[in-house]
1. With a 10 Å radius around each residue's Cβ, average the other Cβ atoms per peptide and rank 70-79, 99-108, highest first.
2. Quick one: which of LYS76/LYS114; LYS104/LYS169; LYS155/LYS175 span more than 22 angstrom between C-alpha atoms?
3. Report the FRET efficiency, 1/(1 + (r/R0)^6), for LYS47 and ASN181, where r is their Cβ-Cβ distance and R0 is 41 Å, rounded to 0.05.
4. So for PHE165, PHE12, fewest C-beta neighbours within 10 Å to most, what's the order?
5. Provide the FRET efficiency to the nearest 0.05 for the TYR115-GLN35 pair, computing r from the beta carbons and using R0 = 30 Å.
6. Could you give the length gained on full extension between ALA65 and LEU13, defined as 0.36 nm per residue of separation minus the Cα-Cα distance, in nm?
Amino acid sequence: MIIFIFIIIFLFLFIIYLFASPRFSPIPYFPTNHQDLNLIIKALNLKNNQTVIDLGAGSGTVIFAAASNTISLNTKFIAIDINPVLISIMHLRRLFHPNRKNIKIIWGDLFKIKYNSLTRKPACPELVERVNSLTFYLYVSPWLLEKLIENLKLKIENFSVVSYFYPIKSLKPKKVFKGKNNIYSY
Ligand SMILES: C[S@@+](CC[C@H](N)C(=O)[O-])C[C@H]1O[C@@H](n2cnc3c(N)ncnc32)[C@H](O)[C@@H]1O
C-alpha cells in the first residue's frame, strides 16, 4: 500500500515537472479559448489539399475542432508538442475522432522539426501550388514568435499563419478577427 502511494506521488510530481520545467514547457500550456474556435476555423480558411500544423498543439483544442469541420475534405492536420503528457492526451482523443485518418500527432520540438517530411509530396510539379497549401496555427509566447517565424522562413517557401492572441510584429496581417482574444491571419 505504501509503495502504491509513493508511486502515485511520484507520478503526480513528474507530471507537475513536465508542465513546469523550462525544458519541456518553454512556452506554458494555455489552451485556446473555446469561444474563439469558430473564428479560428474561419481564419484557417480550411480547404482541400491544405495541411494545417499546430506548433505547440497542447491538448489539441484547435486541431480536433478544425478536423471535425473537414470530414468531407482531405485537409491534413499535424499537431506537434514537446510535452509527453499532452501528446498522450492527443493520441487518446485521436482514437475517438471521426476524422482521425487526417490527423497526425508528433512528439517533438517545434524548433527542430523537419517540415519537408511532414507535408505531402506532390505527385507532379504542376501540383506543387495545389498540394502545398500550408498553414501554421500559433499560440506561443510573444518573445518566441519572431524567432519561430524566422526559423520557418528559412525552412519553407510558402506558408500562411494564424496567430492567436499575439501579433507577429515583422508581418502585416491580412485580417484581424476580434474574438475573446484577437486572431491574426497572415
Ligand atoms: C499556449 S499553449 C497552446 C496550446 C494549443 N496550441 C492551443 O491553442 O490550445 C503552448 C504549447 O506549446 C508547447 N510547447 C512549448 N515549447 C515547445 C517546443 N519547443 N516544441 C513543441 N511544443 C512546445 C507547450 O507544451 C504547450 O502545450
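1. Numbers: 70-79: 19.0, 99-108: 16.3.
Peptide ranking by packing, descending: 70-79, 99-108.
2. Values: LYS76/LYS114 17 Å; LYS104/LYS169 30 Å; LYS155/LYS175 25 Å.
Long pairs (Cα-Cα over 22 Å): LYS104/LYS169; LYS155/LYS175.
3. Values: r = 25 Å, r/R0 = 0.60.
E(calc), rounded to 0.05, equals 0.95.
4. Values: PHE165 19, PHE12 10.
Fewest to most other Cβ atoms nearby, the residues stand as PHE12, PHE165.
5. Details: r = 31 Å, r/R0 = 1.02.
Taking R0 as 30 Å, the efficiency between TYR115 and GLN35 is 0.45.
6. Values: separation 52, 0.36 × 52 = 18.72 nm, distance 3.07 nm.
So the chain would gain 15.7 nm between ALA65 and LEU13.
Values quoted throughout were computed directly from the atomic coordinates according to the rules given, and no laboratory measurement underlies them. Nothing here was measured: the structure is a model prediction, and the numbers come from that model. Quick reminder, even Gly has a Cβ in these numbers, built from the backbone with ideal geometry, and neighbours come from all protein chains shown.
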